[in-house]
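Worksheet for the structure shown next.
Where a number appears in this text, it was derived from the coordinates with a stated rule and is not lab data. What you see is a predicted model, and the numbers here were worked out from it, not measured in a lab. Cβ: placed from backbone, ideal geometry, glycine included. Neighbour counts: every protein chain shown.
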């Protein structure tokens, strides 16, 4: 069969349709009763009646990507995780305001569409959506030769969630003396990969690294964790989360103050948690200043929670992996001390 002129220009319509066919079942598995459309619709339909049990519903939306973690996936030729990274990152971003996800929309672009590769990425998104009770409502797959370099893949997504206004978390109730609790990250999550790839470029990513207990590749591609279930456990127990901070680009230094009112600061105890081996390897291998490490990487803390001192004790009993890592103080910004 003669190749079409469009295919000769670098865009293969048949490959795009094959990718859709490969991912269709995984996408449909995420559908909740509120989804009124099917794959292939021009627009995704989501029934607003899903909000009717809330007294004063507020929609919360966020858009993000996974940055150059796609380069890690390319080097390892493993595409089943970055879709999960994307969804979980977005879930966490709206979670800090108390929102639970309703639906997710994705965008996947490459210079040349490889159906199996694109399907693996979207199937990863579907896996994370299904775990969170979130519908993968729709998306776009774009083949863009000349815009992306050969072998390049980019992913981005938008999530929409909802919170009842009485449960909105805005940090306004945070007080001096409140306790900062942390849940661990599963690695770099989706930030700092440009620096990490440069520092670790010449190391073997396949062999088991003695300090990591895994290969470097496995450590770098570990899925960005969602903290939805842990937050729900606290709410179910009747605890009031006064503030949450998702530790992404900018680290603790830049992200924690985003939830503070004027006159509020934080004191973090650097002895309160063990920095994971991957971050220690990055720092030593790259000779990176400790302050820069704290601004680029999450340093092992994926989500921070602010609770009253009394309720913090209850939270620690409820979630044993949670650790007290700091205190709310008068002032501004974040101070690191070793207690």
Can you sort 208, 252 by how many other beta carbons sit within 10 Å, fewest first?
208, 252
Mind sorting out which of (1) 1.05; (2) 1.01; (3) 1.23 is the real Cα Rg over 2.2 N^0.38 Å computed from the coordinates?
(1)
Between residue 175 and residue 262, how many nm apart are label points set 7 Å from Cα along the C-beta direction?
2.2 nm
For Cα pairs less than 8 Å apart in space and 6+ apart in sequence, what is the mean separation divided by the residue count of the stretch 152-229, i.e. the relative contact order in percent?
30 percent
Gaussian network model of the chain, springs between alpha carbon atoms under 10 Å - residue of 123, 285, 97 with greatest fluctuation:
285
Can you give me the distance in nm between label points at residue 211 and residue 29, each placed 7 Å from the Cα along the Cα-to-Cβ direction?
3.8 nm
What is the stretch 71-212 by shape, rounded, prolate or oblate, if you read a ≥ b ≥ c off the alpha carbon gyration tensor as root eigenvalues and call it rounded for a/c under 1.5, prolate for a/b larger than b/c, and oblate otherwise?
oblate
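When the chain is fully extended, how far beyond the present Cα-Cα distance does residue 335 get from residue 54, taking 0.36 nm per residue of separation?
Extra length available between residue 335 and residue 54 comes to 97.3 nm.
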Sort 305-314, 253-262, 233-242 by the packing proxy (mean of other Cβ within 10 Å over each peptide's residues), most packed first.
305-314, 253-262, 233-242
What length, rounded to one decimal in nm, is gained on full extension from residue 287 through to residue 107, with 0.36 nm per residue of separation minus their alpha-carbon distance?
61.2 nm
So, with points 7 Å from each Cα along the Cβ direction, the residue 229-residue 280 label distance in nm works out to 2.9 nm
What share of the DSSP beta bridges in the chain is antiparallel, in percent to the nearest 5?
75 percent
Grab the Cα-Cα distance for residue 47 and residue 149, subtract it from 0.36 nm times how many residues apart they are, and report the gain in nm with one decimal.
32.8 nm
Taking Cα pairs under 8 Å and at least six residues apart, what relative contact order does the chain come out at, in percent?
21 percent
According to the square roots a ≥ b ≥ c of the eigenvalues of the Cα gyration tensor, what is the shape class of the stretch 179-337, taking rounded for a/c under 1.5, prolate for a/b larger than b/c otherwise, and oblate for the remainder?
prolate
Can you give the calculated 222 nm mean residue ellipticity of the chain, where each DSSP H run of n ≥ 4 adds -39,500 (n - 2.57) and the sum is split over every residue, rounded to the nearest 500 deg cm²/dmol?
-10000 deg cm²/dmol
Kindly identify the stretch 5-165 as rounded, prolate or oblate by the Cα gyration tensor criterion: order the square roots of the eigenvalues as a ≥ b ≥ c, call it rounded if a/c is under 1.5, otherwise compare a/b with b/c, prolate if a/b is larger, else oblate.
prolate
Would you mind calculating the relative contact order of the stretch 19-119 from Cα pairs under 8 angstrom and at least 6 residues apart, reporting the percent as a whole number?
31 percent
